[in-house]
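The values are calculated or read from the model by the stated rules, or taken from the named source; none is laboratory data. Since the model is a prediction, treat every value here as computed from it, not as a measurement. All Cβ positions, even for glycine, are placed from backbone atoms using ideal geometry, and neighbour counts span all protein chains on display. We work out accessible area using only protein heavy atoms, side chains counted, and drop any ligands, DNA or RNA first. Shrake-Rupley method; radii C 1.70, N 1.55, O 1.52, S 1.80 Å.
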Amino acid sequence: MRWLLVLGLCLTACDDTIIGGGGKTYTPDWLGTQVFFVDQCIRCHPTVEPDIDLPGDILVDVCEETGIWVVPGDPEASMLWRVVSDTGLESDPAVMPFGTGPLPEGQIDFLREWIATGARVEGCP
Ligand code: HEC
């Protein structure tokens, strides 16, 4: 009957199960990006650190093509990618999530891919 115990534990603790090197993974699209923000970022943005409202500011930035946070097709030029990927540059803000980042590559690669493939969004205001 031991498997029943294991199954029980898994139902309560396995929503972050090991896929691709541990931790949760996200789809390289706008939906995946928003889920990522909910999991990793919105506990501070905009409440603790209001300079950026996630995901709202990203949506506006992409829809209005301002390029402040995201430059579609160019992750390295995108501040959003730079803050999660730890560029190591003094001139860049601290790596995010603040205090605990950087996240494992397997968890952030999707973001690079989403930006590189054009950063398509749905629901422009
Ligand atoms: C524990 C709180 C916390 C979490 C979680 C967090 N941040 Fe931050 N964030 C901060 C703080 C504090 C700053 C200001 C850091 C600085 O000035 O060096 C900041 C700054 C930023 C900036 C730069 C803003 C500017 O004005 O240039 C961006 C972009 C950013 N965060 C994105 C994110 C993203 C994306 C995530 C999720 C992966 C995230 N943050 C998670 C606290 C947090």
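Points worth noting:
- Among the residues of region 43-59, the one identified as open to solvent by 30 Å² or more (accessible area, probe 1.4 Å) and in contact with a Leu (Cβ under 8 Å, 6 or more places away or on another chain) is Pro46.
- Within region 60-79, the set of residues being under 15 Å from Cys124 (Cα atoms), open to solvent by 30 Å² or more (accessible area, probe 1.4 Å) and hydrophobic (A, V, I, L, M, F, W, C) comprises Val60, Cys63.
- Checking Pro97 against (1) more than 16 Å from Gln34 (Cα to Cα); (2) in a loop (DSSP other than H, G, I, E, B), the condition it does not meet: (1)
- Restricting region 100-125 to residues that are over 17 Å from Gln34 (Cα atoms) and open to solvent by 80 Å² or more (accessible area, probe 1.4 Å), the residue that is nearest to the ligand (Cβ to nearest atom): Thr100
- Comparison of Thr33, Thr87 shows that the only residue that is of a type in the set (Val, Ile, Thr), more than 7 Å from the ligand (Cβ to nearest atom) and farther than 24 Å from Cys124 by Cα is Thr87.
- Exactly one residue out of Gly67, Gly73, Gly56 is more than 18 Å from Glu113 (Cα to Cα) and more than 7 Å from the ligand (Cβ to nearest atom), and it is Gly56.
- Residue match in region 80-89 (condition: at pLDDT 95 or above, buried (at least 20 other Cβ atoms within 10 Å of the Cβ) and in a loop (DSSP other than H, G, I, E, B)): no
- Members of region 37-53 found to be assigned to a helix (DSSP H, G or I) and near the ligand (Cβ under 7 Å from one of its atoms), listed by number: Phe37, Gln40
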